[in-house]
């Protein structure tokens, strides 16, 4: 694939042109309201976009909304009419996805297309060009290195921008990205000198790789063998079960289906985000709950990410974005947790190479 | 600090409690700490980053804490008001808990904050700190601290909202509530939200729709506020936990002002004071009733 | 609501002169319901916009009812029970009075004009007062126009409410 | 899918004139869950009811909606019909399209649309109606009567005579109440004690009456049919079984100057005493604060000095008592009684014009010297001065100097009908007893003068008006319409200043004695009792009846009844009538083995109850109990709320108080209400 570059001014013009053509632009920008947090949202132009700050929300809500209607019904007398929701999606572009967020889309593709192909998800995926922007290396909660990614990872992105003076170096990573670039090539220029871009990437990699790097395979093995372990209840003591970690996780994708009657005549079936951290997630109608305590629920989250999902789809359900640690109001920390499991695994598996953790 | 650590160690050594819930340094600022062995007591700290209301961990809904029934909890003066509500609402047995009070001069809004406490960084609830010397506690540690820096942003914000038209206010809240993703983190962290099955999880009938659409979100945020009227102690944990940053504290504070104005009730550390809803006076004002 | 989906006449552009508000009344069985019976027995004519739902006592009336009625398209609400001291269950209305004081302030703060809701004490002997409450409320809500600020339930498979 | 039948009634023309009933029925025919829908001229008629029953069979209906008049009118009728057709009666609901629709609207289209909406909401509700069965409660066939005045005596005798056991509790040492203090009674002038004491004796001797005198109700638990009463028997310090009523102890007692309560403070008694000679039981009681021995014990306890071996103080009564009935060791004792019904007959007390009042909102009479003028007395004191058993042996002698008063001024409405004093109500009996006092006075002091200040004369009872007329026309008697503006002591007379409002003339009377017809007030501490009984009182403290016209002797708390002046000021005939009425209500209740109650009571979903007991605080009836949930090993998991269906009155306040809505009021469940709101 080729490398090109784009000036900020040109990018701005490109976005204006896309918007005029009816393409929806999703990019990091400040949310409306009191918090003014940066989130991925629909923007009207380049000036809305805020780069270099990891958004609080993730990209997933643009592919799997927090709540969406998937079916409706209307009743008149004995007649029942079913109203299917459209799965169509107009063309969109995500501009400025963090590499960890772009990668997450591809990670979740596996489950969305597994035993049943989720039309809502894939139609949105197909209608969307994902342009990521190389990360500067993140903060102390980031651990993309540990899960096989990096600040410059291009996974899940059709193109990646690397910040350089006055614009971006553009790396094309997919055929779709190539085609899209060619469609809009008037806005792009030749790659030119790559020194700045390489330096940016090196700085980011250095920052990122200085953080602990727990060994995921041995963690996976330990998890498999330690379903019953005092660690879980100890770990979950401070956890409120609020589920904020799952809500801001780019790879958490569990949902609930609810039927909402809207009067006697009709209603909607909706798909809503759900969280394994809630007691109601597994509560049976009988009142029995197979995951009765926060320990069991927290274990489920860890197992799903680092044992169950890898076993089924051969990859981790985590891109190391660190949002779970940042959002937690009681200071649960994913990197710390993985380190602890790594240590426990090292005791039971003394063969684990110490280099793998790369402790500073 | 040593005073606190020594006390925690002693309580555990003497078998007075099974666990001491306090604060420790975490990877990102201060976080709750759970000390079950005397030798762990040295991890306990207390400073102006200790914003968390640890009384939440006394709520009966913390089933995973049931293995440690006798708990000591580190509380600030304001936190004791939450203890009072749990006592009043029959949720804890005073005999089972040891309250370690720490004299507090205000806390940052964020547990990750650094530097001195300023009017900018101080938690909203510190603005009207009224319990400098908590009486409900079993132990009171630390030296007297100066009063926290003043901060009236919450009250100002409420004033601003009140001066708006209904339409403007509605727009403001629609904007806020439309971000809600119905994770119910606000409920989970609230020391007063202890229901076995929250009304929002009741399905027959489903009064509050679980979908994150404006209708369901309005219903949830409205009823949540209503259910906390006269019970909320203003600890702000809900707002701190909200992953989308909805200013829930505004709603809670507003209703606290309402029950103060009309029923002369303010959150208190006295469990004997009846809550304003569930009690009444036969001469309560009723100018809004025809 | 009736079988018809909210019609154009109920949309934001509705002409207030032709706008017929939908008002749901939550009333206690012993005083207001009986008072409304008396209004009927006395043939006191009143606006036909109010639909009464009978509860045993104002003490049973939950803000959830009001919320749900608004969700379902009500433009106005009446909550009515026995005068203080006359409650069939002695104190139910005292509890209700406090609850609705708070709820009213909450609605106001959320940007819902509390004038959308009438609270009244109507005794079993006040048929005339009931008619007045009904007429005053209907007139007031008609002047205010349709309730637009509350997110409604509707069976139309339209755009997601979650923008 | 539900199979609901909709039956729209024309009520002749009453509904059909304004509502297109056929159209309503037609609109509902298509509604989901409606199996059958029709209209008919008179649903409540026999053919109408048959139509319902027949349709129920034909269409196998599992719910019925009758759209007709108010459920207050015919809910029972239709539920009975539905029940007769084999369906649970609570599967039938009514929609009120007459009182709430056809009678109050003229626009036919609007009324028809409204009717359709209302019926639709009811149909949706009925889908969630559950089959309910009446609650049966066993009944303890005994009654408690609180108060041993004429009301309590009458009620106790009526109930006991009819064959049910009665527990009578009287707080004073003797039963008899105020009536035993009266000299004569209006309008017949028969001697009060002569007609009362035989009834007191009847009580004492009745095999089915257990009398607890000098006792008070300490606690009331339970509910209709099943009350558990705790009675505090105050320490009398005289053994009731041993005492032979000889009176030697009273002769021996050295403290003799204690104001007698029975003589309204005008006479004296000893510190071991029976209130009056005909007391029932005729057993003395020792007055702890005044007894020399008990005082010395208290002093010794207080000083905490080691008990010196000194001879005990006094104890003359002990020495005087032949049967050794005096027992200074006796203490308050709690006894429990199980009863099925309660009659409250606590009576009244008189308003005191003093400066200090026991309740906010009540104020005294500064213009009458706050009761400090000795020759200004109240009606009960006058009764005692007139009574043959009174402190003066029936001679009228005024308190200050024992002289026979020549000119007596009677002031009516003292406190009564005076919002400024806090009692805007009429005390009812004062016009009558003042007339009686005038006649008694004229009888004893033939040439005496009586002046009565009155506001109106209220004499509506049988023979009452001629009686007051007689008093007015008695020579030397003058009725002045107006109030005394001031009275004060002036030498050995009391100056009464006022205005005769009819002649507009100022009046200045030098009276020898002034008698105040002070207002009737509820007994002191009545609110302690009403709280225990969960009965409400009005803002004066008079107990509230369940309905002012149709249920005058019942209270809103099932199984608790009222007799006499605890409900409002009453004279003797009204009190006795009320007592007999309350007895008949009690007997109707106690004549059954079981009580059937409407099943519309609250029910806790214990699986979801978190035990916060907001419900308990909202429940006025104390129907919420604490239930322990235990695991298989008997370990306590948590404590949850439970509703006692016998106590629950079905108001639903607990449901609204429950934050997680895990209490349901049956008949008004969340599902039912939700469904009707969804549809309306």
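Taken together, the values in this text are just the output of simple stated rules run on the coordinates, not laboratory data. Fair warning: this is a prediction, and the values are worked out from it, not measured in the lab. Counting neighbours? That spans all protein chains shown, and the Cβs are built from the backbone with ideal geometry, glycine included.
Annotations for the structure displayed:
- Between helix D:464-473 and chain D there is an angle of about 30 degrees, using the helix long axis and the longest principal axis of the Cα atoms.
- Inter-label distance, residue D:136 to residue D:631: 3.9 nm, where each label sits 7 Å from its Cα along the C-beta direction.
- Compared with the dominant principal axis of the Cα atoms in chain B, helix B:166-177 is inclined by about 50°.
- Ranked B:118, D:392, criterion: other C-beta atoms within 10 Å, fewest first: B:118, D:392
- Take D:576-583, D:597-604, C:28-35 and order them by the average number of nearby Cβ atoms within 10 Å per residue, most first; the result is C:28-35, D:576-583, D:597-604.
- For the segment A:330-336, counting C-beta atoms of other chains within 10 Å of every residue's C-beta and taking the mean gives 6.
- Cα-based shape type of region B:23-86, given that a ≥ b ≥ c are square roots of the gyration tensor eigenvalues and the cut on a/c is 1.5: oblate
- Helix D:108-126 and the longest principal axis of the C-alpha atoms of chain D enclose an angle of approximately 80°.
- Classification of chain A by its C-alpha gyration tensor yields an oblate form. The axis ratio a/c (a ≥ b ≥ c) is 1.5 or more, and b/c is at least a/b.
- Stretched out straight at 0.36 nm per residue, the stretch from residue B:145 to residue B:203 would grow longer than its current Cα-Cα span by 16.0 nm.
- Potential lengthening between residue D:488 and residue D:598 on full extension [0.36 nm per residue; Cα-Cα distance subtracted]: 33.5 nm
- Relative contact order (percent, whole number), chain D, Cα cutoff 8 Å, 6+ residue spacing: 13 percent
- Using R0 = 30 Å, the C-beta based FRET efficiency linking residue A:80 and residue D:58 works out to 0.70.
- DSSP bridge pairs, the protein assembly as shown: antiparallel proportion in percent, nearest 5: 55 percent
- Beta-bridge orientation, region B:2-141: approximately 45 percent antiparallel, per DSSP, counting only bridges with both partners inside.
- All alpha carbon pair distances within region D:599-679 were sorted into 5 Å bins beginning at 0; the resulting P(r) in whole percents reads 3, 17, 26, 22, 15, 9, 5, 2, 1, 0.
- Mean projected area of the Cα convex hull of the protein assembly as shown, taken over all directions, amounts to 68.4 nm².
- Spacing of the modelled spin labels on residue D:246 and residue A:115, each 7 Å from Cα toward Cβ, amounts to 10.0 nm.
- Dimensionless Rg/Rh of region C:23-162 - Kirkwood Rh, Rg from C-alpha atoms: 0.99
- Sorted ascending by nearby beta carbons within 10 Å, beginning with the fewest, B:14, A:265 become B:14, A:265.
- Residues of region D:601-637 with amide N under 12 Å of a point placed 7 Å along Cα→Cβ from residue B:284: D:618
- Highest-fluctuation residue, B:85, B:258, B:189 considered, GNM on chain B with Cα pairs under 10 Å: B:258
- Antiparallel content of DSSP bridges confined to region B:1-82, in %, to 5: 75 percent
- FRET efficiency estimate (nearest 0.05) - Cβ-Cβ, residue B:260 to residue D:528, R0 35 angstrom: 0.65
- Projected label points at residue A:285 and residue A:127, each 7 Å from Cα along the beta carbon direction, are separated by 3.6 nanometres.
- Pairwise FRET efficiency - residue A:50 versus residue B:155, Cβ, R0 = 25 Å, nearest 0.05: 0.25
- Counting Cβ atoms of other protein chains within 10 Å of each Cβ in C:43-55 and taking the mean gives 6.
- Descending semi-axes in whole angstrom, ellipsoid equivalent of region D:4-126, from the Cα gyration tensor: 21, 15, 12
- Legend: mean number of C-beta atoms from other chains within 10 angstrom of residue C-beta atoms, peptide D:354-366, equals 0.
- At full extension, residue D:332 and residue D:109 could sit 72.9 nm farther apart than now, given 0.36 nm per residue minus the alpha carbon distance.
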